[in-house]
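Here's the structure we're looking at; comments come further down.
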């Protein structure tokens, strides 16, 4: 999904408020007898007031003369947007391992890939299987890339050069680069966790790794005028929805802060990635 233009280019302190309120009020609604659904939370005005009182923070930017300010209305609007898009758009697109396997096998039959990597996951025994999301992504890219080169598994750091010399080198390796890890037009990261049973620090760290890459790319664009497209693609219903909804919120925040160009959730790679890949190749002409 792409960012909503209403929330792009917000000042940095807007996101400080978003994070502070989310942390103190909570990201998600708890399951109860009257609320059996697990949903992303929309903070209320009263909850925000109580949170700021507990934290001994000034509320005047949000409330002026007892009324919600324009800034406060923007915050409430964003929280509603974030909850709605996650509850109604993202949730039904997240796949479990069974659905991901079906999609993988269907695309493999239809596309008959020849060149792209088809890696296995890192599990053992009965859990050993193709890395479904990665394979789906690779097959879609090969199908729509129009014969252009692509590095489906960079084993080197992403480097931007100028006049043949390194200008910037990212701190981490990414999961894919077009057309190469040196001077890419686009890079992407994949977070699939179909066989996890808990939400551990390794999963959480994946989100912050993407944030680090995004901050480095934002600095590159700001100071050198070089734009490298940056994509995050994630899947597994249990991991992200049942255990990690707060991290889905962080992904939506990161998208609107401009640190990633698009986030694709589960089946959305099938719906959206072909158009993204075609945009890369159009820029090559």
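Out of all Cα-Cα pairs in the range 138-180, roughly what percent, to the nearest whole number, are more than 16 Å apart? Summing the P(r) of the range 138-180 above 16 Å gives 44 percent of all pairs.
Per-residue extension of 0.36 nm, minus the Cα-Cα distance of residue 224 and residue 84, leaves a gain of 46.7 nm for this segment. Translational diffusion of the range 106-240 was estimated from the Stokes-Einstein equation, with Rh taken as the Kirkwood radius over Cα pairs; at 37 °C and 0.692 mPa s the coefficient is 203 µm²/s. Ellipsoid semi-axes for the range 72-134, based on the Cα gyration tensor and the rule √(5λ), read 35, 15, 11 Å when sorted largest first. Counted over the range 97-284, the DSSP beta bridges are approximately 45% antiparallel. Shape analysis of the range 194-244 yields a ratio of the Cα radius of gyration to the Kirkwood radius, Rg/Rh, of 1.14. Expressed as an acute angle from 0 to 90° and rounded to the nearest 10, what is the orientation of the C-alpha long axis of helix 201-224 relative to the principal long axis of the chain? Once rounded, the angle reads 80 degrees. For the chain, the longest principal axis of the C-alpha atoms and the axis of helix 132-144 are separated by about 60°.
Round to the nearest 0.05 the FRET efficiency obtained for residue 106 and residue 204 when R0 = 35 Å and r is the Cβ-Cβ distance. Step by step, r from the Cβ atoms, then E = 0.65. The separation of the range 60-83 from the range 103-177, counted between C-alpha centres, amounts to 42 Å.
Against the main long axis of the alpha-carbon atoms of the chain, helix 268-284 sits at an angle near 60°.
A convex hull fitted to the Cα coordinates of the chain yields 156 cubic angstrom per residue. Translational diffusion coefficient, Stokes-Einstein: compute it for the range 5-93 using the Kirkwood radius over C-alpha pairs as Rh, at 20 °C and 1.002 mPa s, and state it as an integer in µm² s⁻¹. Taking Rh from Cα pairs, D becomes 152 µm²/s. Stretching residue 169 away from residue 115 to a fully extended chain increases their span by 16.7 nm, per 0.36 nm per residue minus the current alpha-carbon distance. Computed on the chain, with alpha-carbon pairs under 8 angstrom and 6+ residues apart, the relative contact order is 21 percent.
Given bins 5 angstrom wide, list per bin the percent of all Cα-Cα distances in the range 166-212, short to long. Histogramming the range 166-212 at 5 Å steps yields 5, 17, 25, 21, 14, 10, 6, 2, 0 percent. Our summary gives the range 5-93 a relative contact order of 26 percent, counting only alpha carbon pairs under 8 angstrom and 6 or more residues apart.
Each value in this text was obtained by applying a stated rule to the coordinates, not by laboratory testing. Note that the coordinates shown come from a computational prediction; the quantities given were computed from them, not determined experimentally. Ideal geometry is used to build each Cβ from the backbone, glycine not excepted, and the neighbour counts take in all protein chains shown.
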